[in-house]
Each structure stands twice: as C-alpha cells, then as structure tokens.
1. Pairs please, first residue from the stretch 321-342 and aliphatic (A, V, I, L, M), second anywhere and modelled with pLDDT of 90 or more and in a loop (DSSP other than H, G, I, E, B), Cβ atoms under 8 Å, 6+ apart in sequence or on different chains.
2. The conditions are (1) among the β-branched types (Val, Ile, Thr); (2) more than 30 Å from residue 285 (Cβ to Cβ); (3) at pLDDT 90 or above, and residue 240 fails exactly one of them. Which is it?
3. Of everything in the stretch 391-437 that's in a helix (DSSP H, G or I) and at pLDDT 90 or above, which residue is surrounded by the most Cβ atoms within 10 Å (Cβ to Cβ)?
4. Is it the case, given these coordinates, that residue 116 is surrounded by 13 or more Cβ atoms within 10 Å (Cβ to Cβ) and assigned to a helix (DSSP H, G or I)?
5. Looking only at the stretch 128-145, how many residues end up being over 23 Å from the mean Cα position of the chain (by Cα) and in contact (Cβ under 8 Å) with a residue 60 or more places away in the chain?
6. Please determine whether any residue of the stretch 254-266 is more than 30 Å from residue 340 (Cβ to Cβ), at pLDDT 90 or above, of a type outside the set (A, V, I, L, M, F, W, C) and surrounded by 17 or more Cβ atoms within 10 Å (Cβ to Cβ).
7. Strands (runs of 3 or more DSSP E) wholly in the stretch 202-320 with at least 2 residues that are out of contact with any Pro (no Cβ under 6 Å at 6 or more places or on another chain) and in contact (Cβ under 8 Å) with a residue 60 or more places away in the chain - which ones?
8. Looking only at the stretch 1-47, count every residue that is touching a Lys or Arg at 6+ places or on another chain (Cβ under 9 Å) and of a type outside the set (D, E, K, R) and tell me the total.
Amino acid sequence: MLELFQNHLKTKFSFLETSRILVAISGGMDSVVLANLCHQLQLNFALAHCNFNLRGSESDADEEFVLQLAEALDLEVFVESFDTTAYAEEHKLSIQMAARELRYDWFQELSEQLGFYYILTAHHADDNLETFLINLTRGTGLDGLTGIPEINDNIVRPLLPFSRQTMEAYAIENELKWRNDSSNASTKYLRNKLRHDVIPVLKDINKNLLQNFQTTLDNLNDTSDIVEESLNAVLKRAIISIDNSEIRFKVSEFKKLNNPKAYLHEFLKDYGFSEWNDVLNLLDAQAGKQVFSSTYRLVKDRDILILSEFNLEENNQFISISKKDTNKALPIGIFCFDEVSKIENIHSNIIYVDENQLKFPLSVRKWQEGDYFFPLGMKGKKKLSKYFKDEKLSLIDKENMWLLCSEDAIVWVIGKRADDRFKVTDKTKQILKFEIK
C-alpha cells in the first residue's frame with residue numbers, strides 16, 4: 001500500500017511533498033495508517049487530536065495513545081478538549097454535527113495561526129460509500145451523490161481510493177497499534193447501521209462493490225460537470241446584476257426553460273429555500289409577491305426576481321443623531337454633517353438645509369406606510385408610497401430607503417430627495433451640509 005499511496009500523492013497531490021501539513025488523528029486504525037504513511041514518506045506534518053469527552057475514560061485513553069504515538073514518531077502534536085454535549089445543546093445540533101463543527105473549526109484555527117497549508121483527514125473508500133448511502137436514504141440531488149471531495153479548500157483526503165480492508169491489512173503487516181472506538185459498534189447511528197448491517201450484504205452480493213461504486217462516482221461527477229456548464233450558461237443569461245445586497249434575475253430566461261423549477265432549485269438551494277413550488281409560481285405571480293427562507297427572500301418585481309437577505313430587526317431600527325454626532329455610522333454608510341458658508345458639490349448623497357428649521361436630536365429610520373414629505377422644488381406634500389411608485393422603485397428598493405427626520409417631519413429621503421420645508425433660502429443664517437459617505 002505504501003507504494004500505491006506514494007504514486008497516488010505524486011499523481012494528484014504532489015503539492016503535499018513540499019507543504020507543511022496537519023494530520024487529523026483520532027487514534028483509530030484509519031488515521032494511524034495515514035500518519036504512518038506520511039511518516040514513511042517523510043512529509044512535513046504534525047498531528048491534531050480532538051478529545052470530545054463523549055466516552056469518559058475511553059476518550060482520555062485515546063488522547064494518551066495519540067500523545068505516545070507522536071512521541072514514538074517524533075512528531076509535534078496538538079490536542080484540544082471539548083465539551084461537545086454542551087456545545088450541541090447550545091447550538092441545537094446533534095452530537096455528531098457538533099463534533100464535526102468543533103473539529104473543523106479548530107483545525108482551521110491551527111492552520112491559520114501556525115501556518116499549516118493543508119489538513120489531511122483519513123476518509124477512505126468505505127466512508128465514501130457510507131456517505132453516499134446516507135444521502136441516498138435521506139433524499140438528495142446530484143450533489144449528494146458525487147461522493148466526498150478529495151480536496152475541499154485546504155482539506156485533503158488522500159486515502160479515498162483505498163478500502164478499509166486494504167488499510168487494515170497494511171496496519172497488521174506493519175504491526176501498527178490503534179484504538180477501537182466502542183461507539184462504532186452501536187447501530188443506533190445510521191452510518192454504523194449501514195456499515196455493519198447493509199454494506200456487508202452488498203459486498204456479499206458483489207465482490208467488486210467498491211470498484212464499481214468508484215466507477216459510478218466517476219460517471220456521476222462527469223454528469224455533474226455537464227450540469228454545471230448548463231447551469232452557468234443559463235445563469236449568465238438570467239442574471240441582470242449582482243451587488244452586496246441583492247441579485248436580480250430575468251423572469252423571461254427561466255420561462256424559456258423546459259424545467260425552470262430544476263434550475264431555480266440549483267441556483268437558490270444554498271439560500272435556505274424549501275418551498276420550491278412557491279418559488280416556481282413567482283415566475284407568473286403579480287409584482288410584490290414574495291417567498292421567504294429563514295434568512296433570504298425572493299421577490300417578484302415586474303419582469304424580474306430579486307434575491308436579497310431578509311433582516312426583520314433592521315426594519316425596526318431607530319437611530320438618534322444629536323448635535324454632537326457629526327459622524328454617525330448608519331446601515332447605509334457614514335452620516336456626516338457640518339456647518340458651511342455656501343452651497344456647493346450638489347450630489348444625491350448630499351443636501352443642504354437651514355439649520356434653524358431643524359430640531360435636534362434628529363432621527364434616522366425606515367419609511368412606513370402613510371409617511372409623506374414635501375419634495376424639494378414642488379408645491380404640496382406627497383405620500384412616499386406614491387413618490388416611490390413614480391420613481392419606479394422595486395419593493396426591495398423601497399424597503400431599503402432610510403429617512404432623516406426632525407421630530408415627525410421628514411428632512412431627507414436619504415440618497416433621493418430633500419424636503420422643501422428645510423431648504424436653504426435667502427433668509428437662511430446657518431447652513432448645514434448633510435452627507436452619506
């Protein structure tokens with residue numbers, strides 16, 4: 001196996017030969033074999049072990065075993081102890097998901113702080129099959145059937161082509177010692193049930209199960225590449241604009257497709273949406289119709305769809321500005337004001353007002369139904385809803401509008417238009433310049 005592993009590294013992961021590496025080690029057979037192989041090839045690596053404190057003295061014995069292994073191999077080792085149960089309860093996660101988050105977050109911290117370029121884990125071919133079957137039983141799309149990635153950012157899994165049987169044979173041949181996790185024998189977890197009850201039956205039916213499974217993964221990944229090309233082509237035609245706050249799509253491009261629901265799912269699945277029929281129905285919905293996920297929303301606006309983050313708390317924000325707050329951080333930028341002697345630099349983000357018409361403290365808030373103002377240069381008042389309609393603002397554009405107010409009066413629809421009641425006239429004695437930077 002050592003020769004096969006060495007050839008595999010040269011073919012796919014030659015960068016590991018000259019990189020500083022962190023090897024994740026539990027003390028189990030898989031990670032001990034990985035550590036031994038890396039040691040045999042004289043790679044520049046250290047060990048990292050997580051004690052999740054889930055199995056009492058057994059967890060502590062695993063930690064002691066790893067420390068002794070590091071000493072025997074003359075390797076640097078890092079150990080971290082976690083209260084996994086408390087973390088799972090606090091973040092409302094399963095124990096398995098909590099351990100995963102804790103593990104990878106810590107690995108990344110070590111990587112960043114100590115200059116490890118890559119993190120190696122000991123996932124192998126049997127793990128890949130188990131993950132495939134787990135996703136299959138829970139219901140998944142193509143992404144869930146393409147296997148564990150060999151490289152995911154700085155996480156590298158160089159043992160994926162090797163079976164558990166091959167690795168165990170190597171461990172026995174080289175008289176390696178390892179720790180057995182007693183929880184792996186329990187079938188209360190789905191992965192263990194598949195490992196002990198299902199996969200042995202499949203291997204009995206087909207002795208070449210893992211080889212054929214790898215062929216299937218290769219075919220599915222090839223298909224995934226084709227799908228990705230198609231998605232990118234449609235996305236290129238459909239996207240109108242992208243900025244920090246929203247993405248805009250042409251409805252017409254989705255309606256041209258034979259299966260628009262499938263494309264909408266692929267584009268939007270990472271934003272937490274789940275009601276895909278509602279998302280599809282937006283294509284023919286009236287303007288203003290919305291579909292929400294926990295953190296995002298999709299809005300129909302005339303002939304476009306607008307995807308944006310949804311923050312209910314921000315809509316209720318009320319920010320007070322005293323006369324001393326000449327520089328104030330707002331959600332839309334830095335609000336500045338200063339006394340000036342004359343009007344210059346006219347811009348949508350700058351207005352000039354008569355200071356004597358203001359009453360401090362001023363306030364900044366989102367607009368509300370029923371708000372009105374006196375648009376600069378016009379006679380009479382106008383409802384903001386009518387003003388926004390005349391300006392052809394989308395629902396999201398309107399919701400992103402902030403108002404500068406003096407008591408109950410609107411001084412400025414920020415970034416759009418000032419109020420005529422506060423304008424500078426020939427009777428003005430003190431001019432204030434308001435600006436959003």
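1. 321/360; 321/361; 332/414; 332/415
2. Unmet condition: (2).
3. Going residue by residue through the stretch 391-437, those that are in a helix (DSSP H, G or I) are 395-399, 420-422.
Now narrow it down to the ones that are at pLDDT 90 or above: 420-422.
On the way: 420: 15, 421: 16, 422: 26.
In this case the residue turns out to be 422.
4. Spelling it out, it is not the case that residue 116 is surrounded by 13 or more Cβ atoms within 10 Å (Cβ to Cβ) and assigned to a helix (DSSP H, G or I).
5. Within the stretch 128-145, the subset over 23 Å from the mean Cα position of the chain (by Cα) is 128-130, 133, 136-137.
Checking the rest, the ones that are also in contact (Cβ under 8 Å) with a residue 60 or more places away in the chain come to 128-130, 133.
Qualifying residue count, the stretch 128-145: 4.
6. Scanning the stretch 254-266 turns up at least one residue that is more than 30 Å from residue 340 (Cβ to Cβ), at pLDDT 90 or above, of a type outside the set (A, V, I, L, M, F, W, C) and surrounded by 17 or more Cβ atoms within 10 Å (Cβ to Cβ).
7. Details: elements: 239-242, 246-250, 290-292, 296-301, 304-309.
Where strands (runs of 3 or more DSSP E) fall fully within the stretch 202-320 and carry at least 2 residues being out of contact with any Pro (no Cβ under 6 Å at 6 or more places or on another chain) and in contact (Cβ under 8 Å) with a residue 60 or more places away in the chain, they are 246-250, 296-301, 304-309.
8. If we filter the stretch 1-47 for residues that are touching a Lys or Arg at 6+ places or on another chain (Cβ under 9 Å), which is where we start, we get 17, 24, 26-30, 32, 44-46.
Okay, now just the ones that are also of a type outside the set (D, E, K, R), so 24, 26-29, 32, 44-46.
Qualifying residue count for the region: 9.
The values are calculated or read from the model by the stated rules, or taken from the named source; none is laboratory data. A quick note: this is a predicted structure, and the numbers were derived from the prediction, not measured. Please note: Cβ atoms are built from the backbone with ideal geometry, for glycine as well, and neighbour counts cover all protein chains shown.
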